[in-house]
Amino acid sequence: MSAPLAGKIALVTGASRGLGRALAEELGARGAHVIALARTVGGLEELDDAIRARGGEATLVPADVSDDDALPRLGAAIHQRWGKLDLWVNCAVHAPPLTPASHLNVKDWDRAMAVNARAQAQLVRMLEPLLRAAPSGVAALMDDPRNDGAFHGAYAASKAAARAAALCWAEECRRLGPKVLLLTPPLMATAVRARFRPGEDRAALATPAAAAARLLPEILDALG
């Protein structure tokens, strides 16, 4: 495969499994240097092996996106090493237990908000200057408007907050950049969906690799 993204720096949050891993691997195979952030060290190491097997390079960042101390260090490290960020793909997500609204555990609510909404806002603050320093910086944020039925209160609320904030950010950046994409992946056979629908026929769902292949052209087009 050619390397159309040679020289590009791409941060993928939630990179150790599912869609994040699939997109990170494809970006690395196309020549981007992938900064892979996730909590699971083993998953990151497996991703690194997969990227290197396809001729790419990665920097692994074992961290939690809700860690307010880790994010500023990440932004400073990217600035010091590369001075820019061409692409940020946000696939970090938390799936709280399904529960009736009247039985909701506030800790589950807080964790969903911390990972799905607050971390996105924190990362926007850290990464916008780095994205603007790139010739054509792009932020690709993942939406999930379909899981908002009964018992999904904490998850749906956190994703709705993230969606609203992303749309506002996109409008703010319309003239000066970066380009902000709000993407809706196809229904996927991931751990998040299995938690919400454990008895579902997963054969009818897209694999993360297939979902990545569907989303990648729009991301690459935005990068120019």
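A few notes on this one:
- GLU57 vs. criteria open to solvent by 40 Å² or more (accessible area, probe 1.4 Å) and touching a His at 6+ places or on another chain (Cβ under 8 Å): yes
- Search result, residues across the stretch 122-138 that are open to solvent by 20 Å² or more (accessible area, probe 1.4 Å) and part of a helix (DSSP H, G or I): GLN122, VAL124, ARG125, MET126, GLU128, PRO129, ARG132, ALA133
- Flag for ALA119 being crowded, with 20+ Cβ neighbours inside 10 Å and in contact (Cβ under 8 Å) with a residue 12 or more places away in the chain: yes
- Scanning the stretch 53-79 for residues that are in a loop (DSSP other than H, G, I, E, B) and without any contact (Cβ under 8 Å) to a residue 24 or more places away in the chain returns ASP67, ASP69.
- Residues being in a helix (DSSP H, G or I), buried (at least 23 other Cβ atoms within 10 Å of the Cβ) and touching a helix residue (DSSP H, G or I) at 6+ places or on another chain (Cβ under 7 Å) - total across the stretch 19-50: 9
- The residue that is least open to solvent (accessible area, probe 1.4 Å), among those in the stretch 79-100 that are among the β-branched types (Val, Ile, Thr) and closer than 24 Å to ALA170 by Cα, is VAL89.
Residues are listed down the side, and each one gets a yes or a no for (1) farther than 23 Å from SER136 by Cα; (2) among the acidic types (Asp, Glu):
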{"residue": "ALA10", "(1), (2)": "no, no"}
{"residue": "GLU26", "(1), (2)": "no, yes"}
{"residue": "ILE51", "(1), (2)": "yes, no"}
{"residue": "VAL65", "(1), (2)": "yes, no"}
{"residue": "VAL115", "(1), (2)": "yes, no"}
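- ASP108, sole failed condition from (1) in contact with a helix residue (DSSP H, G or I) (Cβ under 8 Å, 6 or more places away or on another chain); (2) more than 22 Å from GLU25 (Cα to Cα); (3) not in a helix (DSSP H, G or I): (3)
- Residue pairs whose Cβ atoms lie under 9 Å apart, sitting 6 or more positions apart in sequence or on different chains, and linking a residue in the stretch 182-200 that is within 22 Å of ALA161 (Cβ to Cβ) and in contact (Cβ under 8 Å) with a residue 24 or more places away in the chain to a partner that is among the acidic types (Asp, Glu) and not in a loop (DSSP other than H, G, I, E, B), are LEU183/GLU218.
- When the helices (runs of 4 or more DSSP H) confined to the stretch 139-224 are screened for residues that are in contact with a strand residue (DSSP E or B) (Cβ under 7 Å, 6 or more places away or on another chain) and surrounded by 12 or more Cβ atoms within 10 Å (Cβ to Cβ), those reaching at least 2 such residues are found at 153-172, 208-223.
- Hits in the stretch 201-211 (condition: in contact with a helix residue (DSSP H, G or I) (Cβ under 7 Å, 6 or more places away or on another chain) and either under 17 Å from LEU182 (Cβ atoms) or of a type outside the set (A, V, I, L, M) (or both)): PRO208, ALA211
The values are calculated or read from the model by the stated rules, or taken from the named source; none is laboratory data. Worth saying up front: this structure is predicted, and the values here are computed from it rather than measured. FYI the Cβ positions are ideal-geometry reconstructions off the backbone, even for glycines, and counts take in every protein chain you see. Just the protein is used for accessible areas: all its heavy atoms, side chains included, with ligands, DNA and RNA removed. Shrake-Rupley method; radii C 1.70, N 1.55, O 1.52, S 1.80 Å.
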